[in-house]
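Asker: One structure is given below, represented as structure tokens, and several questions about it will come after.
Where a number appears in this text, it was derived from the coordinates with a stated rule and is not lab data. Only a predicted model underlies this, so the values are computations on that prediction, with no experimental measurement involved. Cβ placement follows ideal geometry from the backbone for every residue including glycine, while neighbour counts extend to all protein chains displayed.
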Amino acid sequence: MNRRLPLVVLTSAALALSACSSGGGSDEPAATSTADNAGETVTLWLAGGDTPDELRTYLQDTFASETGATLKIEEQAWGDLVTKLTTALPDAANTPDVVELGNTQSPTFTNVGAFMDISDMYDELGGDKLLQSFVEAGSVDDTKYALPYYFGSRYMFYRKDIWKKAGVEVPTTLEEFNSAVATIAEDNPEDIKNFSGFFIGGQDWRNGISWIFANGGDLATKEDGQWVSTLSDPASLEGLTQLQTIQREASKAPADAKDQSPWLYINDSDTILDEEGKQTSKTSLAAATIMAPGWAHWSIGDLVKKDGKQVREWNDDTFGVFALPGTDGEPAPVFAGGSNIAISAKTQNPELSEELLRIVFSPEYQKMLGGAGLGPANSDYVDSLGDDEFAQALIDSASNSKLTPAAPGWAAVESSQVLEEFFGKIRDTDDLAGLAQQYDEKITPMLNG
Amino acid sequence: MPSRTLDHDPPGSASGPVPAPTRSAAPRRPGSGASRRLPYLLVLPTVLLLLAALGYPVGWQLVTSLRRFGLAQQFGAPPQWVGLDNYAALVSDPTLWGVVVRSVLFCVVTALVTVAVGGAVAVLMNALDRWTRLALQVALLLAWAMPIVAAMTVWIWIVDWRRGLLNWALVHLGVDSAAGHNWLAEPLSFFVVASVVVVWMSVPFVALSIYAGLTQVGQEVIEAAMLDGASGVQRLRYIYAPLVAPVLSIVMLLQLIWDLRVFTQIKLLQDAGSVANETNLLGTYVYQLGTGKGDFGTASAVSVLILLITVALSWYYVRSLMAQES
């Protein structure tokens, strides 16, 4: 029993609420020369471990030599990033100066004035070369608050061996994909219990919306200045119907599974051995195809020992990748993952923070992002991703990718988990149109904040 | 029968002999202002600390629950007074009543099961020899001392639909349909799992408290009953039960209050599976409204409702304590 927690939650909530009363930024004198900045510290919040250490060191070293000030990098977990931003950003005494946040989380904060207006730097930092869908997510009308940091997107990882045994080819259209994965599940060439042709969790809406997007539908649109949920529009419904068929015929994932670690189902070397080291059951392989962000490839492959540790090593004979094809054969619009970066409105170091952004958007750093497998914000440096199959799939799938609606209430929709709920009910419903309409009615009032 | 009252210190706190108050070295004149003020001065730090730690957040909560307070207000927009609008909106919202009914049912069922199981373990401890009992007590304390997130991780592994111990065991016992069964998908089985986890975590406290109560029952009473030919069940029913009743009622009320505010277990299970909006209890509902949606006004109003329900539940506890004091 944890009997203190509720109190802690209440207390911290109340303290958070009180934080806003202590606002009122002060004007720091402009920082000009490096010597003046010697005692200054700028704090950068990075989300999760996506930015590799090498890049962090580069930022710190470059920042020190350019400005003379210290750059402090603090890593925040994705899970409670919104909570932390909500409580820290309004507090001038404790706010981080520069923050990374999820692209779809941006509108929530830009619309309440959490970030500094950086429209005047926009052209200098890359202007129209920057990934426009992300720029839009970070803008309110024409004012730029948050700019793209990096992009990633979701593509397909598949088992070449099983696709081959089932006699299906890598699809070139969405329709071919839908039928290929159903064939594999039905064929089940390895004769594995509960085998999925394509493993997609019922509540996994971030991957599921690809079918809505690919059929020309959308989650929400702005009509006469008001956001409206559009799950029951004919195009969205067409996509949802295809998804329902996949959930019923190709996927054996539970209706309440989300998008956590799907690679568990496509790897097979976690074989089950008996005492003599003989293989008892064939494998715990459970799916021929999954959809995941590009970095998932580090977790997919054969199990090998490296420096005494068991790691996954990609095996080209068994595994392959492709971008989900659209109805027209071009890559389907999938959910664009990635981050934006912004300066806190309450920062005490506006000039130094702007200096940090200049370093982030410099050609050197943009290329380093690409080298680390993160899609650079500036389209001039996309080649730095390299030309292996992962880079190719990333570029293909991102070429047509789409964001969730830039509605002020979007983060509220996500955190209310209403989309998980809706997608989780798709498989078992007999009245998909009615269900979609019911959830449109739930979501629309939340969208406008 | 010797009428022996149990002491009603909160279970677990030391209730040993209190040293007799020592006479003050320099006796003061009776009725002097200083000596009348002294007790208040001594209490003052505690009161201030309580006010700061409890009064302030509760005050904020009350104030915020009367305002429209969203993310924009958090970032400096002036909040708007809306009177009881937040409460009115909540009371007319069937979602809230669903959550309240679920929470109350969950807390009553879980508390009853906890006290029943805890009581049974206490009776068992009372019957065991010294070393077995010690082993049992250590095991109970270890379960109780386990950090909640660590314990939850293991529980989530146990009920995992694909590789969980539970499904594996069931399949090996011949229940083939258990393979791949997802226990968290349906709200009912979700709450059964949650309830089992909460019971597991609370039984040690209940068992040790009731056991402490049982040890207060005089050996001579039991011997007298045995001479009169009372069976084990009769002794439990007519001698132990009435004598530990005060402990039982306090433990029961504490469990009700704690189980009403349960948060961590539900939140972590929701993260592992299930449909959050169908499995919310009051704790997770407030979290979703406030921290999730940024609607601090409504979240505060729900928190105030929880406070009222808790006060209503603990009223009896406080009153019976007061009655025993006087």
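Asker: Evaluate the distance, in nm, between pseudo-label points positioned 7 Å from the Cα of A:VAL311 and of A:ASP380 along their respective Cα→Cβ axes.
Answerer: 3.5
Asker: Taking a ≥ b ≥ c as the square roots of the Cα gyration tensor eigenvalues, with a/c under 1.5 meaning rounded and otherwise prolate when a/b beats b/c, else oblate, which class fits the stretch A:304-380?
Answerer: Oblate shape, in that a/c is at least 1.5 and b/c is the bigger or equal ratio.
Asker: Please compute, for peptide B:255-265, the average count of beta-carbon atoms on other protein chains lying within 10 Å of each residue's beta-carbon. Please report the intermediate quantities before stating the final value.
Answerer: Working: counts 1, 0, 2, 4, 1, 1, 7, 5, 5, 5, 2.
Shielding by partners across B:255-265 averages 3.
Asker: Could you give the nm distance between label points at B:VAL109 and B:SER231, where each point is 7 Å from its Cα heading toward the beta carbon?
Answerer: Between B:VAL109 and B:SER231, the simple spin-label model gives 3.3 nm.
Asker: I'd like to know which of B:ALA224, B:ALA312, B:SER92 lies farthest towards the positive end of the charge dipole of chain B, counting +1 on Cβ of Lys and Arg and -1 on Cβ of Asp and Glu.
Answerer: So the residue furthest toward the plus end is B:ALA312.
Asker: A further question follows. Sorting check: for A:300-308, A:431-439, B:191-199, A:107-115, which peptide has the highest mean count of neighbouring beta carbons within 10 Å, and how do the rest follow?
Answerer: Values: A:300-308: 12.1, A:431-439: 15.7, B:191-199: 20.7, A:107-115: 24.6.
Most protected by this proxy first, the peptides run A:107-115, B:191-199, A:431-439, A:300-308.
Asker: Which part of the stretch A:288-325 falls in the paramagnetic zone of A:ASP53, meaning amide N under 13 Å from the point 7 Å along Cα-to-beta-carbon?
Answerer: none
Asker: Okay, moving on. Less than 22 Å apart at the alpha-carbon level, and either on another chain or at least 8 residues along: which lysines does that give for A:LYS305?
Answerer: A:LYS278, A:LYS282
Asker: Enumerate the whole-percent occupancy of each 5 Å bin, from 0 to the last occupied one, for all C-alpha pair distances of the stretch B:193-326.
Answerer: Each 5 Å bin holds this share of Cα pairs: 2, 9, 13, 14, 14, 13, 10, 8, 6, 4, 3, 2, 1, 0.
Asker: Within a Cβ distance under 13 Å of A:ASP53, other residues only, what is the Lys/Arg minus Asp/Glu net charge?
Answerer: Working: positive: A:ARG56; negative: A:ASP50, A:GLU54, A:ASP61, A:GLU75.
Surrounding charge for A:ASP53 is -3.
Asker: Which net charge results when you count Lys and Arg as +1 and Asp and Glu as -1 among the other residues whose beta-carbon is under 13 Å from that of A:GLU249?
Answerer: +1
Asker: Another question, then. Grab the DSSP H runs of the protein assembly as shown that are 4 residues or longer, score each as -39,500 (n - 2.57), total them, divide by all residues and round the 222 nm result to the nearest 500 deg cm²/dmol.
Answerer: Details: 32 runs with 377 residues, N = 775.
Per the formula, -15000 deg cm²/dmol.
Asker: While we're looking at this one, here's another question. Calculate, in nm to one decimal, what A:THR183 and A:THR41 gain on full extension: separation in residues at 0.36 nm each, minus their alpha carbon distance.
Answerer: Numbers: separation 142, 0.36 × 142 = 51.12 nm, distance 5.87 nm.
Gain on stretching A:THR183 to A:THR41: 45.3 nm.
Asker: Using the structure shown, list the pairs from A:LYS402/B:LYS293; A:LYS346/A:LYS425; A:LYS84/A:LYS442; A:LYS72/A:LYS222; A:LYS164/B:LYS267; A:LYS402/A:LYS425 with a Cα-Cα distance above 31 Å, or answer none.
Answerer: Pairs exceeding 31 Å: A:LYS346/A:LYS425; A:LYS72/A:LYS222; A:LYS164/B:LYS267.
Asker: Between B:LEU142 and A:GLU124, what FRET efficiency comes out of the Förster formula 1/(1 + (r/R0)^6) with R0 = 45 Å and r the beta carbon distance, rounded to 0.05?
Answerer: Values: r = 61 Å, r/R0 = 1.35.
Working from the Cβ atoms, E equals 0.15.
Asker: Moving on. With equal scatterers on the alpha carbons only and no solvent term, can you work out the Debye log10 of I(q)/I(0) for the protein assembly as shown at 0.06, 0.09 1/Å?
Answerer: The computed values of log10 I(q)/I(0) come out as -0.48, -1.00.
Asker: As an exercise, use a Förster radius of 30 Å and the Cβ-Cβ distance of A:ASP80 and A:THR143 to find the FRET efficiency, rounded to the nearest 0.05.
Answerer: Values: r = 28 Å, r/R0 = 0.93.
Efficiency, rounded to the nearest 0.05: 0.60.
Asker: So if I take the alpha carbon set of the stretch A:280-437, get Rg, then get Rh from the Kirkwood formula, what is the Rg over Rh ratio? It would help to have the intermediate numbers written out before the result.
Answerer: Numbers: Rg = 20.6 Å, Rh = 19.8 Å.
With Rg and the Kirkwood Rh in hand, the quotient comes to 1.04.
Asker: With charges only on Cβ, +1 for K and R and -1 for D and E, what is the dipole size of the protein assembly as shown about its Cα centre, in debye, rounded to 20? All intermediate terms of the calculation are to be shown ahead of the outcome.
Answerer: Values: 50 positive and 86 negative charges, 1024 e Å.
Here the size comes out at about 4920 debye.
Asker: Treating cross-link reach as a plain straight distance, find the aspartates and glutamates whose alpha-carbon is under 14 Å from the alpha-carbon of A:LYS144, omitting any fewer than eight places away in the same chain.
Answerer: A:ASP117, A:ASP120, A:ASP123, A:GLU124, A:ASP128, A:GLU136, A:GLU354
Asker: Run the numbers on the stretch B:49-325 and let me know its relative contact order in percent, using alpha-carbon pairs under 8 Å that are six or more apart.
Answerer: About 31 percent, as a whole number.
Asker: In peptide B:58-69, how many Cβ atoms from other protein chains are near each Cβ within 10 Å, on average? Kindly include the intermediate steps, with their values, before the conclusion.
Answerer: On the way: counts 3, 1, 8, 5, 0, 2, 4, 0, 0, 1, 0, 2.
Per residue, the number of nearby Cβ atoms from other chains is 2 on average.
Asker: Turning to a different aspect of this structure: Of the residues B:SER189, B:SER103, B:SER35, which exhibits the maximal mean-square fluctuation in a Gaussian network model of chain B defined by a 10 Å Cα contact cut-off?
Answerer: Sorting by GNM fluctuation, first place goes to B:SER35.
Asker: Among B:ILE257, B:THR279, B:ILE210, whose Cα projects farthest towards the positive end of the dipole of the stretch B:201-279, with charges put on the beta-carbon of Lys, Arg (+1) and Asp, Glu (-1)?
Answerer: Of the candidates, B:THR279 comes out farthest on the positive side.
Asker: Taking the Cα centre of the stretch B:154-259 as the origin, how large is its charge dipole in debye, to the nearest 20, when only Lys and Arg (+1) and Asp and Glu (-1) carry charge on their Cβ atoms?
Answerer: Details: 4 positive and 7 negative charges, 33 e Å.
The calculated dipole for the stretch B:154-259 is roughly 160 debye.
Asker: If you take every residue apart from B:VAL101 with its C-beta less than 14 Å away from the C-beta of B:VAL101, what net charge results, scoring Lys and Arg +1 and Asp and Glu -1? If you can, show how the numbers build up before the last one.
Answerer: Working: positive: B:ARG102; negative: B:ASP93, B:GLU278.
My count for the surroundings of B:VAL101 gives -1.
Asker: What FRET efficiency, computed as 1/(1 + (r/R0)^6) with R0 = 45 Å and r the Cβ-Cβ distance, is obtained for B:ALA77 and B:ALA224, rounded to the nearest 0.05? Can you show the working numbers first?
Answerer: Working: r = 74 Å, r/R0 = 1.64.
That pair, B:ALA77 with B:ALA224, gives E of 0.05.
Asker: Could I ask something else about it? If I model a spin label at B:ASP129 and B:VAL149 as a point 7 Å from the Cα along the Cα→Cβ vector, what separation in nanometres do I get?
Answerer: 4.4
Asker: Across the Cα atoms of the stretch B:49-325, what radius of gyration and what greatest pairwise Cα-Cα distance (Dmax) are found, in Å?
Answerer: Values for the stretch B:49-325 (Cα only, Rg and Dmax): 22.7, 78 Å.
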